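As structure tokens, the structure follows; a few thoughts come after it.
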Amino acid sequence: MPNFDPLSQSQHFLALPRPDVTLGPLPRGLADTTTVAAHDFDVDNRTGFMPPEPPLARLPSEWETWEAILDSALTKRLKLHNGPTTSVSDRADSAAWRRVVQKLPVLSTDDLKTSEVRLRRAHHVLVWVMHYYIYTQPEDIQPIIPRGITIPLLRVCQQLLLPPIMTYSDNVLYNWALLRPQTPPSDQGSFEALLFPLSASSTASTPALDNLKCLATFTGTRDEEEFYLASARIEFRGTEVLEIMRETMDEAFVGDNTALRRITSYLQRLPTVIKDITKLLTDVRHGCDPELFYNQIRPWLKGQDSGPASIKWVFEGIEEDPTLVQPTELSGSSAGQSSLISALDIFLGVSHGDNPTAVQFLKRMRMYMPRHHRNFLRHLENNPRPLKALVEANRDYPGLLNAFNASIETLKEFREAHIRIVGVYITGPARRARERLGQTGEGAVKGTGGMSAMAFVKGTRDDTAASKLS
């Protein structure tokens with residue numbers, strides 16, 4: 001009987017084929033993501049948590065009604081009811097559009113269940129329509145989401161195990177396309193190539209970071225597109241983080257001096273990647289105006305949790321299907337829903353245990369991540385040979401402790417950059433908005449995920465700094 005090598009790269013959970021459900025027959029050997037097998041993490045060695053091919057841009061004709069109503073909103077560029085540039089005519093256009101939504105039939109979702117890709121697109125389309133419907137109305141009116149949206153959306157959410165709300169997946173992971181056709185890069189060592197070879201069975205490559213566009217934006221502005229694409233670029237660049245994790249975990253199973261030497265070299269690569277991610281984060285300032293973001297983009301992304309506590313969303317028609325349950329998770333899209341940053345925390349042993357508010361928030365944000373990515377994070381948490389313990393046990397090995405601490409330091413710098421971004425895009429504009437209204441006092445400003453934005457990012461920065469080994 002041939003020996004089975006548990007350390008084989010081809011068998012490692014970070015190196016298994018991506019389990020995307022396609023719109024046709026599955027290639028031989030490709031897992032179906034409608035199951036939740038132990039290896040089913042939906043992570044690609046070329047694109048990380050992003051799909052390896054541009055997301056489905058349109059559902060088949062059976063669901064064209066949904067696509068058409070979203071197209072109408074996008075084309076008309078419906079505006080926030082209380083937006084700074086919204087006119088009486090704009091509000092009339094929105095009201096007419098909402099009347100069409102109210103008459104939508106309840107389309108069947110049965111044929112969506114055979115395709116993860118279609119389910120993702122259905123979630124994307126329906127939540128965009130829902131957010132348009134809610135936020136083109138006055139903020140002090142209780143939104144009643146029409147049954148033609150409620151029932152199919154909740155059924156789609158049953159399959160995806162996601163809340164019926166716009167998530168990071170809807171405006172980042174599955175909201176991109178290529179600006180122009182892309183050929184495999186000639187320079188495999190380039191920043192855009194992310195240092196990853198193509199799998200033997202694929203001719204696709206990692207998208208160049210300057211070759212991306214968004215499928216949908218509320219405002220039609222370059223500012224909004226750049227805001228979403230900043231996160232998309234971070235996800236693509238972060239693919240190398242996952243490769244470093246895989247290589248490190250492979251060597252940790254061996255644990256000899258050769259393995260320690262290799263782990264040290266992998267960790268020495270990690271700060272460079274995190275610095276690149278930090279630059280991509282701060283570069284958002286070159287393309288997205290803070291005032292425009294705060295006043296015209298951010299309000300579209302909020303969930304029920306970010307609005308007045310007394311106003312609850314009503315999902316019309318939910319009682320028509322006894323399998324549907326009243327949604328309880330209705331936070332908006334948030335960077336806290338990025339599986340990449342959570343994976344970095346887990347890998348480096350960054351604990352938020354002394355920050356119960358952050359722990360609870362991050363735990364809740366996992367419910368908004370694609371279910372396969374949640375499985376990935378749980379598997380990473382259960383790694384029997386965690387990196388931090390290995391470094392502590394071998395702190396005298398030349399360069400290992402310094403390489404680990406350098407990675408922690410650059411992750412702390414990333415979070416310091418995030419604090420500055422929150423200041424520029426949220427707390428600063430919020431303060432100026434209060435001043436225009438003659439209001440005094442600072443007050444905590446909630447992020448779109450429903451938590452005090454500045455307190456959260458400062459807390460995670462402090463937790464990261466405390467994770468260094470002495």
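Here are the numbers:
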{"read-out": "Matching entry among Thr282, Thr258, Thr323 (being touching a residue at least 40 places away in the same chain (Cβ under 8 Å) and part of a helix (DSSP H, G or I))", "value": "Thr282"}
{"read-out": "Per-region count, the stretch 326-346, residues in contact with a Leu (Cβ under 7 Å, 6 or more places away or on another chain) and touching a residue at least 40 places away in the same chain (Cβ under 8 Å)", "value": "6"}
{"read-out": "Selected residue [among the charged types (D, E, K, R), in contact (Cβ under 8 Å) with a residue 12 or more places away in the chain and within 30 Å of Glu240 (Cα to Cα)] from Arg121, Arg77, Arg98", "value": "Arg121"}
{"read-out": "Residue match in the stretch 123-130 (condition: more than 22 Å from the chain's Cα centre (by Cα), open to solvent by less than 10 Å² (accessible area, probe 1.4 Å) and within 16 Å of Pro327 (Cβ to Cβ))", "value": "no"}
{"read-out": "Criterion (within 17 Å of the chain's Cα centre (by Cα) and crowded, with 17+ Cβ neighbours inside 10 Å) met by exactly one of Asp305, Asp345", "value": "Asp345"}
{"read-out": "Every pair of residues 6+ apart whose Cβ atoms lie under 7 Å, when the first sits in the stretch 299-311 and is of a type in the set (Lys, Arg) and at pLDDT 90 or above while the second is in a loop (DSSP other than H, G, I, E, B) and open to solvent by less than 30 Å² (accessible area, probe 1.4 Å)", "value": "Lys302/Gly332; Lys302/Thr448"}
{"read-out": "Filter pass, Ala68 being small (Gly, Ala, Ser) and assigned to a helix (DSSP H, G or I)", "value": "yes"}
{"read-out": "Given (1) modelled with pLDDT under 95; (2) in contact with an Asp or Glu (Cβ under 8 Å, 6 or more places away or on another chain), index of the condition Val325 fails", "value": "(2)"}
{"read-out": "Every residue from the stretch 79-112 that is of a type in the set (D, E, K, R), over 21 Å from His123 (Cβ atoms) and open to solvent by 90 Å² or more (accessible area, probe 1.4 Å)", "value": "Arg99, Lys103"}
{"read-out": "Matching residues, the stretch 113-122, being among the aliphatic types (A, V, I, L, M) and either open to solvent by less than 30 Å² (accessible area, probe 1.4 Å) or touching a helix residue (DSSP H, G or I) at 6+ places or on another chain (Cβ under 7 Å) (or both)", "value": "Leu119, Ala122"}
{"read-out": "The stretch 348-365, residues that are at pLDDT 95 or above and open to solvent by 20 Å² or more (accessible area, probe 1.4 Å)", "value": "Gly349"}
{"read-out": "Where Ala208 falls short, out of the listed (1) in a loop (DSSP other than H, G, I, E, B); (2) surrounded by fewer than 16 Cβ atoms within 10 Å (Cβ to Cβ)", "value": "(2)"}
{"read-out": "Selection status of Asn175, in contact with a Cys (Cβ under 6 Å, 6 or more places away or on another chain), at pLDDT 95 or above and open to solvent by less than 20 Å² (accessible area, probe 1.4 Å)", "value": "yes"}
{"read-out": "Answer from Glu316, Glu392, Glu320 - the residue that is modelled with pLDDT of 95 or more, open to solvent by 30 Å² or more (accessible area, probe 1.4 Å) and touching a Pro at 6+ places or on another chain (Cβ under 6 Å)", "value": "Glu316"}
{"read-out": "Single residue of the stretch 439-454 satisfying the filter (at pLDDT 75 or above and open to solvent by less than 60 Å² (accessible area, probe 1.4 Å)) that is farthest from Ile419 (Cα to Cα)", "value": "Ser452"}
{"read-out": "Sole exception among (1) outside any helix (DSSP H, G or I); (2) touching a Phe, Trp or Tyr at 6+ places or on another chain (Cβ under 8 Å); (3) over 16 Å from Asn171 (Cα atoms); (4) of a type in the set (A, V, I, L, M) for Val106, by number", "value": "(2)"}
{"read-out": "Tabulated pairs, the stretch 400-429, first free of Cβ contacts under 8 Å to residues at least 40 places away in the same chain and open to solvent by less than 40 Å² (accessible area, probe 1.4 Å), second in a helix (DSSP H, G or I) and not acidic (Asp, Glu), C-beta under 6 angstrom, 6+ apart or interchain", "value": "Val422/Ala453; Val422/Met454; Val422/Val457; Thr427/Met454"}
{"read-out": "All positions within the stretch 308-351 that are hydroxyl-bearing (Ser, Thr, Tyr) and closer than 30 Å to Glu392 by Cα", "value": "Ser338, Ser339, Ser342, Ser351"}
{"read-out": "When residues of the stretch 338-372 are limited to those that are β-branched (Val, Ile, Thr) and assigned to a helix (DSSP H, G or I), the one nearest to Leu411 (Cα to Cα)", "value": "Ile341"}
{"read-out": "When residues of the stretch 134-162 are limited to those that are among the aliphatic types (A, V, I, L, M), open to solvent by 10 Å² or more (accessible area, probe 1.4 Å) and more than 23 Å from Met365 (Cα to Cα), the one modelled with the lowest pLDDT", "value": "Ile141"}
{"read-out": "Test: residue in the stretch 71-78 that is over 22 Å from Pro60 (Cβ atoms) and either in a helix (DSSP H, G or I) or open to solvent by 30 Å² or more (accessible area, probe 1.4 Å) (or both)", "value": "yes"}
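Each row is one residue, and each column tells you yes or no for (1) touching a helix residue (DSSP H, G or I) at 6+ places or on another chain (Cβ under 8 Å); (2) among the charged types (D, E, K, R); (3) over 15 Å from Ala417 (Cβ atoms).
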| position | (1), (2), (3) |
| --- | --- |
| Glu224 | yes, yes, yes |
| Glu243 | no, yes, yes |
| Gln268 | yes, no, yes |
| Pro271 | yes, no, no |
| Thr282 | yes, no, no |
| Leu292 | yes, no, yes |
| Ser306 | no, no, yes |
| Val314 | no, no, yes |
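The values are calculated or read from the model by the stated rules, or taken from the named source; none is laboratory data. Model, not experiment: these values are computed from the prediction. No Cβ is skipped: glycine too gets one built from the backbone with ideal geometry, and neighbour counts run over all protein chains shown. These accessible areas exclude ligands, DNA and RNA; they are computed on the full protein's heavy atoms, side chains included. Shrake-Rupley method; radii C 1.70, N 1.55, O 1.52, S 1.80 Å.
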